[in-house]
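Here's the structure, in structure tokens; my notes come after.
The values are calculated or read from the model by the stated rules, or taken from the named source; none is laboratory data. Predicted model, so just to flag it, every value in this text is computed and none were measured. A quick note on method: Cβ atoms are made from the backbone with ideal geometry, for glycine too, and the neighbour counts reach across all protein chains shown.
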Amino acid sequence: MIVRCLGLVAIVLALGTVPPSHAADTPDAFITDLGNELIAAAERPGITQQEIESEIRDVLAARFNVVTMGAFALGSYWNDATREQRIAYLDAYQVYVTNLYAGQFVDLAGATFDIDEMRVQPDGDTLVQGRLAVPNARILPIVFRVRERDSAFRILDVLVRNISLLQLHREEFQAVLQQNGGDLNGLIQAIQQTN
């Protein structure tokens, strides 16, 4: 269900990441810089789809706040998980997220990404609203939830058409956990099987 619903979000997710070595001063610059970097990678001559996917997996793994995202997606089951389960789950979740979206970047050639607005939230996170325009497709409005920690920005969530990536993961994972009696190890295995 989640894979089917997130085809367009795949492109969007990777647009929300920036290597620490390319750290931006503001959340909107963080999003803009990465969007430009990924579009340029997709347009680079002589690069294969596998090379793009590998590069994007590395970008996603290093730049999303996987712990916060993964804990939210797991919901109350996070609090009951053992340390070993949390580690196994986060490892599986990171691979799941990066694999889910890495294959989508081949389609970014000729795309443009523009920032419309940036709003600081009461909790300190910043919502960066933009538009992704891919040739032969319609313009897609996107909102990134960005958090700064230790002088670096990280993506916490991406909303496309007001649909939260994290909320979709949470609903999917909760359904799996309810079906298997709350067995976190079963969810971890289910995530690993999709990787």
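Can you name every residue in the range 129-151 that is among the charged types (D, E, K, R), buried (at least 18 other Cβ atoms within 10 Å of the Cβ) and out of contact with any helix residue (DSSP H, G or I) (no Cβ under 8 Å at 6 or more places or on another chain)?
So the first thing to find is which residues in the range 129-151 are among the charged types (D, E, K, R), and the list is 131, 138, 145, 147-150.
With the extra rule that they be buried (at least 18 other Cβ atoms within 10 Å of the Cβ), the set shrinks to 145, 147.
Residue satisfying the conditions is R145 alone.
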Q.
Could you check the range 167-176 and list, in sequence order, the residues that are buried (at least 18 other Cβ atoms within 10 Å of the Cβ) and within 16 Å of L90 (Cβ to Cβ)?
A. H169, F173
Q | Single unsatisfied condition, A190 versus (1) crowded, with 17+ Cβ neighbours inside 10 Å; (2) small (G, A, S); (3) touching a strand residue (DSSP E or B) at 6+ places or on another chain (Cβ under 7 Å) | A | (3)
Q) Which residues, counting only those in the range 136-195, are modelled with pLDDT of 90 or more and among the basic types (K, R)? A) R145, R147, R154, R170
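Is it true that T126 is hydroxyl-bearing (S, T, Y), closer than 15 Å to T32 by Cα and crowded, with 18+ Cβ neighbours inside 10 Å?
Working: hydroxyl-bearing (S, T, Y): yes; closer than 15 Å to T32 by Cα: yes; crowded, with 18+ Cβ neighbours inside 10 Å: yes.
For T126, the condition - hydroxyl-bearing (S, T, Y), closer than 15 Å to T32 by Cα and crowded, with 18+ Cβ neighbours inside 10 Å - is met.
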Q. Of everything in the range 42-80 that's surrounded by fewer than 18 Cβ atoms within 10 Å (Cβ to Cβ) and small (G, A, S), which residue is farthest from the chain's Cα centre (by Cα)?
A. G46
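Being touching a strand residue (DSSP E or B) at 6+ places or on another chain (Cβ under 7 Å) and not hydrophobic (A, V, I, L, M, F, W, C) is true for just one of R145, R170, R138. Which residue is that? Working first, answer last.
Numbers: R170 fails: touching a strand residue (DSSP E or B) at 6+ places or on another chain (Cβ under 7 Å); R138 fails: touching a strand residue (DSSP E or B) at 6+ places or on another chain (Cβ under 7 Å).
Just one listed residue meets the conditions, R145.
Out of all the residues in the range 33-73, which are assigned to a loop (DSSP other than H, G, I, E, B) and without any contact (Cβ under 8 Å) to a residue 12 or more places away in the chain?
Let us first name the residues in the range 33-73 that are assigned to a loop (DSSP other than H, G, I, E, B), namely 44-48, 65.
Hits for the range 33-73 are R44, P45, G46, I47, T48.
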Q | Qualifying positions in the range 74-83 - assigned to a helix (DSSP H, G or I) and either within 18 Å of E171 (Cα to Cα) or of a type in the set (D, E) (or both) | A | L74, Y77, W78, N79, D80
